[in-house]
Amino acid sequence: MSAEAEQAERRERLIKLGSATAFLAIVVVAVLIVIGQSQGDGGDASSIDDAAEVRRELGGIPQRGLVLGDPGAKVTLIEFGDLQCPVCKGYAEEVIPQVIQSKVRSGEAKLDFRNFTIIDEESIDAAAAAIAAGQQGRGWDFVELFYRNQGIEATGYVTDEFLTAVAEAAGVPDVEQWNAARASNRVIDRVGAETAEAQRLGFSGTPSFAVEGPANGLETLGTPGSAGDLEAAVENAR
Amino acid sequence: MAADLAGAKTESIVSRPMSAPAEGTLRTIATFVATFGIGVATYIAIAEADGGAPVCLAGGGCETVAASSHSELLGISVAAIGIFGYGLLLGAALVRGDLGRMAGFGLALVGFGYSVYLTWLELFVIDAICQWCVASAVLMTVLFAVNATRMVRYVGTSA
């Protein structure tokens, strides 16, 4: 066999090997996508995680409704969030805990969660459940636990069963009363009023933040990128 | 004389695999782009390290994307995975012969495919665009084009 023929044969063999490499690469990408989609899918009523972590995070801090912190704190940091929003989940896990430790636990500011339901009807159900939990002093436990167990938005995971599982894990003392409250017109109307307030402030996405304090009154912050930005906003509002 | 020139021209066309750029040029481009990719991914990883986000040149999509749960894969920052991937692609660009060609092609295809997925997530799941992530996706697309050309045109040759 001539050298040219040998090279052609070798090249053909390698092209076949290249095709196999391409196939393998596509399989690797598919595996990465499956892992990405399945990680923390959440939304599973039979498995509510991180209740102990949330208890540790919020332990010893007073709660009233969906306001966390000393009611006498001069600065109020307001978060407008949708419980189904994956970005809000990211903030709940990576940004808000630092602000709670540095500014809320110290009494420098209180944190007020308000519902801005932008995804679908299930967001309203979740928001009403959070407000109803707040009426029994477990509003922030509910919000934080919901985010940590959040499913993929608008997939129908926000069922009565899921909401009840979150409420129970959050330590809502009277689930029957909570059920009645979350279905009441008063609570549903409040969800609508909070969403309208967010729109009036010019917000179009979640989470959006505002801060209210003696220095500058009410200021909108949009979506600050880090806990440090929120801490600076609290300090400037004093 | 004219016949000699015609013959030389014909031989030149036949001896170079079609009209692809020289392999050395492709490797130089891949080296440059992979190094640039390491820089972009490193910047994103450092910016996100303490819960922050890279600075968006316009709009606020970077904060949103950085805070998303999709910015990590099995607890590892996607930016850190990017640094590793660009590092491997840089290595493949520096390796001569069929090993470098095959490795570069396979790695670039994985990187390109995963970049397409991440861009889809930004557009349709996270609803925000991070310009640094788009820059990385563009770099990965260039690397795929360069490595695919290198593989298809030069594998099995001694170029």
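A short reminder: the numbers here are calculations on the coordinates, not readings from a lab. All values reported here derive from a predicted model rather than from experimental measurement. No Cβ is skipped: glycine too gets one built from the backbone with ideal geometry, and neighbour counts run over all protein chains shown.
With a ≥ b ≥ c the root eigenvalues of the C-alpha gyration tensor of chain A, is it rounded (a/c under 1.5), prolate (a/b larger than b/c) or oblate? Numbers along the way, then the final one.
Details: a/c = 2.81, a/b = 2.01, b/c = 1.39.
Cα axes put chain A in the prolate bin.
Rank these for me by crowding, A:Val104, A:Val175, A:Val27, going from fewest to most other beta carbons within 10 Å.
The fewest-first ordering by Cβ neighbours comes to A:Val27, A:Val175, A:Val104.
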Between A:Phe23, A:Phe209, A:Phe146, which gets the highest mean-square fluctuation from a Gaussian network model of chain A, Cα cutoff 10 Å?
A:Phe23
Please give the FRET efficiency for B:Ala145 paired with A:Ala215, using the beta carbon to beta carbon distance and R0 = 51 Å, rounded to the nearest 0.05.
0.40
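Only helical DSSP H runs with n ≥ 4 go in: add -39500 (n - 2.57) per run for the protein assembly as shown, normalise by residue count and round the 222 nm mean residue ellipticity to 500 deg cm²/dmol.
On the way: 16 runs with 240 residues, N = 397.
Counting only the DSSP helices, I get -20000 deg cm²/dmol.
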